[in-house]
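See below for the structure under consideration.
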Amino acid sequence: PPMQSGVTWLALQTGAPVVPVALLGTRGPGSTYDLPRPRQPVHVVFGAPVSLQARAGVPRRDALQQATEDLRSAMTAHVHDAVERTGMPLPEDVERPPGHEEA
């Protein structure tokens, strides 16, 4: 899904860095969010703060879109790093049981 630009707008307006957080183990294949079963491992992995800058000479809307894309890339890289560090695969990486194929 596309990333919304609210966090990016706030970071650009305030100069505050964005701290990426990966939550691994909170959903199964094909779902958007599940509460983990008891004793199921869940990993919360914090990343390095990401500082965003609006590009000079670029219209505000375009600068916001570019900064949002920069943040999306940083967050995607953080999730992949978290998967590598914890060894917990993303749901898409887990083989789906028969009868649960994507439509």
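The values are calculated or read from the model by the stated rules, or taken from the named source; none is laboratory data. Just so we're clear, the structure is a prediction, and the values are computed from it rather than from any experiment. Note: ideal-geometry Cβ built from the backbone for every residue, glycine included; neighbour counts use all protein chains shown. Note: accessible area is taken over every heavy atom of the protein model, side chains too, but ligands, DNA and RNA are not part of it. Shrake-Rupley method; radii C 1.70, N 1.55, O 1.52, S 1.80 Å.
Worth pointing out:
- Yes/no for residue 45 being touching a helix residue (DSSP H, G or I) at 6+ places or on another chain (Cβ under 8 Å) and within 20 Å of residue 92 (Cβ to Cβ): yes
- Tally of residues being part of a helix (DSSP H, G or I) and over 17 Å from residue 16 (Cα atoms) across region 70-90: 12
- Residue in region 8-29 that is of a type in the set (D, E, K, R), within 17 Å of the chain's Cα centre (by Cα) and surrounded by 14 or more Cβ atoms within 10 Å (Cβ to Cβ) present: yes
- Within region 50-87, the set of residues being more than 15 Å from the chain's Cα centre (by Cα) and under 27 Å from residue 28 (Cα atoms) comprises 85, 86, 87.
- Scanning region 30-68 for residues that are among the hydroxyl-bearing types (Ser, Thr, Tyr) and either open to solvent by 100 Å² or more (accessible area, probe 1.4 Å) or on the phi > 0 side of the Ramachandran plot (or both) yields 32, 33.
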